Amino acid sequence: MRTAFFWTYLALVAAQVILGNFLNLSPYVVLCFLPAMILCLPARMSQPVVMVTAFLTGLAVDFTTHGILGLTASALVLTAFCRNFIISLVFGDEVIARRENVSVRKQGLPKVALGILLCSAVFFAAYVWIDAAGTRSFGFNFLRTLLSTLLGTLVSIPVAGLLSEEEGSIWK
């Protein structure tokens, strides 16, 4: 990983920890931008390395927030497992073949937003349903998954811009 990318990634993990500890919107919303961070990992990273990175990131967030140890890690590993499929589905197989990084400037905001939406949907589906473990109603879990996915996608778009290879911002 580039040094700047590495430090930006670590700063965003710290921001997610702060967000998880101090901003609790409602029981229906979990605010998390980690799926976008996994989507934007450099293309030169192999699938196993992406999955280990997702596991370590999730474990660090679980350990430093009030969550259940392993909950974020397991949902993030599933997201990392689905990452190449989502990239192929949204951006095309040639992006993986050329090992291009996901970037708002290269692929465009609508495609990146769709990729983030799909990664967030996978993450929150796993996160909410593992967290509930049969103790909450289907309606509550469905609504929590839907609201968390939508809000998480909106929050994740600037995060994807920060992790882009080109100049570090989607707004330029």
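Points worth noting:
- Report note on the peptides 142-150, 31-39: ranked by the mean count of other C-beta atoms within 10 Å, highest first, their order is 31-39, 142-150.
- With contacts taken as Cα pairs under 8 Å and at least 6 residues apart, the chain reaches a relative contact order of 30 percent.
- For the peptides 41-48, 53-60, 107-114, the ranking by packing is 53-60, 107-114, 41-48, with the highest mean count of neighbouring Cβ atoms within 10 Å listed first.
- Rotationally averaged projected area of the chain (alpha carbon convex hull; nm²): 9.3
Rule-based calculations on the coordinates, nothing more; no lab input. Everything numeric in this text was worked out from a predicted model, so none of it was measured. Positions of Cβ are generated from backbone atoms using ideal geometry, with glycine treated the same way; all protein chains shown enter the neighbour counts.
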